[in-house]
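Accompanying notes for the structure given below.
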């Protein structure tokens, strides 16, 4: 049994990076315990290869590039989440990751399959980051919770001043609080 306080990592992912907002309860009130921007791909690799670089490549070359990009994203996602957990572990027990649900359930292995659907081709780049974060979280023993892109949440309580607090960040924090509330009865 741990004396550490349960905490949830909320992620607002983008092409190549993400804002992370970690939430916990303090005296029954939700608070932000950490927020940061993390890198999700190694320097020198394209952040949106499905939408740009692979379009004029042969399928074999495109598949090879996507494999390198996915490997980098997986490594960076794992490293980023591990770093957050390690930084918080003295006080918090990180129990879950909260992230928007991907547009599709998964990505085909071949670029040729992705190219058959314009909607999938438009979503594929973002999905690489979402799926890698979910996989990394599961490998680290975290529960993964996804929320709908149009899901609405009540006003965000105890939001600290300053950036990053766009609508997507407020939604990520609110989704984290909702998940945390279901895990920990305050």
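Look at the stretch 1-21 and say how many of its residues are more than 9 Å from the chain's Cα centre (by Cα), crowded, with 23+ Cβ neighbours inside 10 Å and under 19 Å from residue 131 (Cα atoms).
2
When the residues of the stretch 35-44 are filtered to those that are surrounded by fewer than 17 Cβ atoms within 10 Å (Cβ to Cβ) and at negative phi, which remaining residue is farthest from the chain's Cα centre (by Cα)?
Initially, the stretch 35-44 is screened for residues surrounded by fewer than 17 Cβ atoms within 10 Å (Cβ to Cβ), giving 36-37, 39, 42-44.
Imposing the further condition that a residue be at negative phi reduces the set to 36-37, 39, 42-43.
On the way: 36: 12, 37: 11, 39: 11, 42: 16, 43: 19 Å.
Here the residue is 43.
In the set 178, 132, which member is modelled with pLDDT of 85 or more, crowded, with 21+ Cβ neighbours inside 10 Å and not in a loop (DSSP other than H, G, I, E, B)? Don't jump to the end; show me each part of the working.
Values: 178 fails: crowded, with 21+ Cβ neighbours inside 10 Å.
One residue alone meets the criteria, 132.
How about the stretch 84-114: which of its residues are in contact (Cβ under 8 Å) with a residue 60 or more places away in the chain, surrounded by 14 or more Cβ atoms within 10 Å (Cβ to Cβ) and either part of a loop (DSSP other than H, G, I, E, B) or touching a helix residue (DSSP H, G or I) at 6+ places or on another chain (Cβ under 9 Å) (or both)?
Once the filter is applied, which keeps residues that are in contact (Cβ under 8 Å) with a residue 60 or more places away in the chain, surrounded by 14 or more Cβ atoms within 10 Å (Cβ to Cβ) and either part of a loop (DSSP other than H, G, I, E, B) or touching a helix residue (DSSP H, G or I) at 6+ places or on another chain (Cβ under 9 Å) (or both), the stretch 84-114 yields 92, 94, 95, 96, 97, 98, 99, 100, 111, 114.
Can you pull out every residue in the stretch 51-70 that is under 16 Å from residue 13 (Cβ atoms) and either under 19 Å from the mean Cα position of the chain (by Cα) or at pLDDT 95 or above (or both)?
Residues of the stretch 51-70 that are under 16 Å from residue 13 (Cβ atoms), as a first pass: 51, 69-70.
Within the stretch 51-70, 69, 70 qualify.
Among 156, 144, which is touching a helix residue (DSSP H, G or I) at 6+ places or on another chain (Cβ under 8 Å) and either part of a helix (DSSP H, G or I) or at pLDDT below 85 (or both)?
Numbers: 144 fails: either part of a helix (DSSP H, G or I) or at pLDDT below 85 (or both).
Answer to the selection: 156.
The values are calculated or read from the model by the stated rules, or taken from the named source; none is laboratory data. What you see is a predicted model; the values in this text were computed from it and never measured. Counting neighbours? That spans all protein chains shown, and the Cβs are built from the backbone with ideal geometry, glycine included.
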